[in-house]
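A.B. asks: Mind having a look at this structure? Questions to follow.
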Amino acid sequence: MSEISPILEAFPNLQVLKLHGHFDGNPCFKPLLHNCLKTLIVESQSYISILGQVCKLNLPALEYLEVWNDGYVGGAASILTGQLFPNLYYLGLPSFENTDKIMEAIAQSPTRRLAVLDLHLGELTDKGAEILINCPIINYLHTLNIAKNCLSEKMTQRFLKLNCQVIAQPQGNPRDRYYALYE
Amino acid sequence: MLNFVIIANPENRRVGFLQQALAHFNLSPATVISYADLIAEKDTLERFNAPNTIIRFDSPEKNFDIDKVILAAGAEVSDDGQHQRISAADVAKLEFDKGQILYPRQWYLGWQYLLQQWEKQLHCPTMNHPQDIAVMFDKPRCHDRFSRHNIPVPRSLGKIYNYDHLREQMQKQECDRVFVKLSHGSAASGVVAYRAMRFESAITTVERVRENGQTLLYNSRKICNYTKTAEIADIINILTAEGVQVEEWLPKAHLQGCGFDVRVVVINGEAQHIVVRLGKSPMTNLHLGNERGDTQEFLAKVGIENWALMKQTCEAAAALFPNSLYCGIDLLILPDWKQHMILEINAFGDLLPGVIWNGMDTYTSEVKAILE
């Protein structure tokens, strides 16, 4: 599959869509409007950023977005600063490759109100975490998941003191970990 | 007109490289069969029985769903080892945890089993025969085959059962530093450079994590140096249970200030593409952040005569797998720049992006060899 639009066009009342598997070739989504989609979950691996493609879609009803294994900082930042998906309250970017860079990108910007932010299995270090903990987005969060990132014990404790529910344990060091090739 | 069939994870870039190579010769694109479909028996290789068809098995890497089905295939295979086992039902529940070393022996048993099934389905030639692939994924078997045919290899310490046994054999065989490698790992997965002189040290890409009273091992780009006996013994015992190849740790020749080894791709019996892999640690694999060395500088330094002998050795090693058109050989060169040994042979060791030999990349050269 390289295009999501046939599904969206065929099912205009679709509310929940979950995609699991690989995208053939270079996925390229048509920038179309879908008024009903509330939940979109993409679990895939692709050399082209799927998040980048998702950001092309006009989804005014979208409340829950989860995209695995991505690394497109621009897309994440656009969503966190409220430029896309006006009704979003849950953003999940598990296993994101450049988590620190997302924080750097939103550091000076006003951020949207989000109820749940899931960044687990990412590459957030104390550097990015310092920005995040001072970011206004924290004030509105109900739940923050930063488990299995690269945070120090000290930083983890600071997050656990926040007003929102924080899932911060265990930490790992996934940034340095690699998925072994089979040669 | 030749019809190629490639069996791979379709999203893997290796597929694209083959298609490019075929396009170069104006051949029609290869039919892509996914490992997912083949393993689930939604497809079969039996249907490829037309003349002028050739099948290429490519690496099943970097796809957790496929890793899981291969593991599941290995769940019921009987084996006399001490490896960790996981039932097919529990495999399905596994969650991706990047870098985790997961049941390597069971993975291999599944992989070998699948290769045996696919071999029975073959009605046409292959670029690389499933039997050869199965052996190349088994380091002790390869080492044995090389030794028996007088291909120079580092001295093996024989089958090692656990940490205590390792130390006992190192003393007995007068070897104070060794490389302990998972029998079925590649890309520096589960490799420990272990020294047991007056103090112990284990330099490794293995990251040891304790969670809920269990030890989990991960492949890490950050090289760790363990010095506590308890930690070292723990890691070694987990690896030996999965099957390891233990060899003497030999010094490497130096280039550009680093120890190095050479990946040599042998295609159709000829040593062709090479990559010099510099390492600041005992592990030289490139994805660990190591750099490619300067090939011209290497060739100038090794000299025509020595290099010709080294290439011959690589070609002789490849020739012991007569039903495989290509393979990637890891060549160790000792500090005298003359003595050399085969460290490993890789069934899918032809992914050398950007490396050109006679104007062709590895895939183009492989296709050309078939056309001739």
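Since every read-out is calculated from the coordinates, none of them should be taken as a lab result. Since this is a predicted model, take the numbers as computed values, not measurements. Every residue, glycine among them, receives a Cβ derived from its backbone with ideal geometry; neighbour counts consider all protein chains shown.
A.B. asks: In square nanometres and to one decimal, what's the mean projected area of the convex hull around the Cα atoms of segment A:80-142?
C.D. replies: Answer in nm², one decimal: 3.9.
A.B. asks: Given the rule -39500 (n - 2.57) for each run of at least 4 DSSP H residues, summed and divided by the residues of chain B, what is its mean residue ellipticity at 222 nm, to the nearest 500 deg cm²/dmol?
C.D. replies: For chain B, the value works out to -10000 deg cm²/dmol.
A.B. asks: Quick one: pull the percentage of alpha-carbon pairs in segment A:6-112 with a separation above 17 Å.
C.D. replies: Distances greater than 17 Å cover 51 percent of the Cα pairs.
A.B. asks: Suppose every Lys and Arg Cβ carries +1 and every Asp and Glu Cβ carries -1, with no other charges. What dipole size does the protein assembly as shown come out with about its Cα centre, to the nearest 20 debye? Each step should come with its number before you reach the end.
C.D. replies: Details: 52 positive and 62 negative charges, 200 e Å.
The dipole of the protein assembly as shown has a size of about 960 debye.
A.B. asks: Test of understanding: what is the full-extension gain from residue A:14 to residue A:165, defined as 0.36 nm times their sequence separation minus their Cα-Cα distance?
C.D. replies: 51.3 nm
A.B. asks: In addition: Counting other C-beta atoms within 10 Å, which of B:165, A:20, A:34 has the fewest, and how do the rest follow?
C.D. replies: Ranking B:165, A:20, A:34 by Cβ neighbours within 10 Å, fewest first, gives A:20, B:165, A:34.
A.B. asks: Under 28 Å between C-alpha atoms is the cut-off here; go through segment B:218-324 and count lysine pairs that meet it, provided they're at least eight residues apart or on different chains.
C.D. replies: So the count works out to 10.
A.B. asks: Where does the charge balance sit around residue A:49 when Lys and Arg score +1, Asp and Glu -1, over other residues with C-beta under 14 Å from its C-beta?
C.D. replies: Net charge in that neighbourhood comes out at -1.
A.B. asks: Please compute, for the alpha-carbon atoms of chain B, the extent along each of the three principal axes and give them in descending order in Å.
C.D. replies: 65, 56, 35
A.B. asks: Please go through the residue pairs A:56/A:101; B:42/B:68; B:42/B:120; B:172/B:338; B:62/B:93; B:93/B:159 and name each one whose alpha carbons sit more than 27 Å apart in this structure.
C.D. replies: Correct reply: B:172/B:338; B:93/B:159.
A.B. asks: Using the basic label-point model (7 angstrom from Cα toward the beta carbon), what is the residue A:157 to residue B:295 distance in nanometres?
C.D. replies: Computed distance between label sites residue A:157 and residue B:295 equals 5.4 nm.
A.B. asks: Follow-up. Using only atoms on other chains, find how many Cβ atoms lie within 10 Å of each Cβ of peptide B:91-100 and report the average.
C.D. replies: Details: counts 0, 0, 0, 0, 1, 8, 7, 11, 9, 5.
Per-residue shielding by partner chains comes out at 4.
A.B. asks: Work from the charge dipole of segment B:63-174 (Cβ charges, +1 for Lys and Arg, -1 for Asp and Glu, about the Cα centre) and give the residue of B:100, B:152, B:131 farthest towards its positive end.
C.D. replies: The one lying farthest along the dipole's positive direction is B:152.
A.B. asks: Also, quick follow-up: Select from B:115, B:316, A:103 the residue farthest towards the positive end of the dipole of the protein assembly as shown; place +1 on Cβ of Lys and Arg, -1 on Cβ of Asp and Glu, and compute about the Cα centre.
C.D. replies: Among B:115, B:316, A:103, the one farthest towards the positive end of the dipole of the protein assembly as shown is A:103.
A.B. asks: Suppose R0 equals 30 Å; then what is the FRET efficiency for residue A:109 and residue B:211 from their Cβ-Cβ distance, rounded to the nearest 0.05?
C.D. replies: After rounding to 0.05, the efficiency reads 0.25.
A.B. asks: Can you give me the distance in nm between label points at residue B:228 and residue B:94, each placed 7 Å from the Cα along the Cα-to-Cβ direction?
C.D. replies: Between residue B:228 and residue B:94, the simple spin-label model gives 2.8 nm.
A.B. asks: Lys/Arg Cβ at +1, Asp/Glu Cβ at -1, dipole of chain B taken about the Cα centre: which of B:23, B:285, B:185 is farthest positive-ward?
C.D. replies: It is B:285, whose Cα lies furthest towards the positive end.
A.B. asks: Which value, in debye to the nearest 20, describes the size of the charge dipole of chain B about its Cα centre when Lys and Arg Cβ atoms bear +1, Asp and Glu Cβ atoms bear -1, and nothing else is charged?
C.D. replies: Value, rounded to 20: 640 debye.
A.B. asks: Right, another one. Arranged by the count of other C-beta atoms within 10 angstrom, fewest first, what order do A:112, B:148 take?
C.D. replies: Details: A:112 20, B:148 9.
Going from least to most buried by this count: B:148, A:112.
A.B. asks: Summing +1 for each Lys or Arg and -1 for each Asp or Glu, what net charge is found among the other residues whose Cβ lies under 13 Å from the Cβ of residue B:78?
C.D. replies: Net charge in that neighbourhood comes out at -1.
A.B. asks: In Å, what Rg and Dmax follow from the Cα atoms of segment B:11-164?
C.D. replies: 17.9, 59
A.B. asks: Stokes-Einstein at 4 °C, 1.567 mPa s, Kirkwood radius from Cα pairs: D for the protein assembly as shown in µm² s⁻¹?
C.D. replies: Details: Rh = 25.5 Å.
The estimated diffusion coefficient comes to 51 µm²/s.
A.B. asks: If R0 is 41 Å, what FRET efficiency do you get for residue B:13 and residue A:81 from their C-beta distance, rounded to 0.05?
C.D. replies: That pair, residue B:13 with residue A:81, gives E of 0.80.
A.B. asks: In which sequence would A:125, B:364 go, from the one with the fewest C-beta neighbours within 10 Å to the one with the most?
C.D. replies: A:125, B:364
A.B. asks: Between residue B:319 and residue A:36, what is the spin-label point distance in nm, taking each point 7 Å from the Cα along the Cα→C-beta axis?
C.D. replies: Result: 6.9 nm between the two label points.
A.B. asks: Can you give the FRET efficiency to the nearest 0.05 for residue A:28 and residue B:176, using r as the Cβ-Cβ distance and R₀ = 60 Å?
C.D. replies: For residue A:28 and residue B:176, the calculated efficiency is 0.55.
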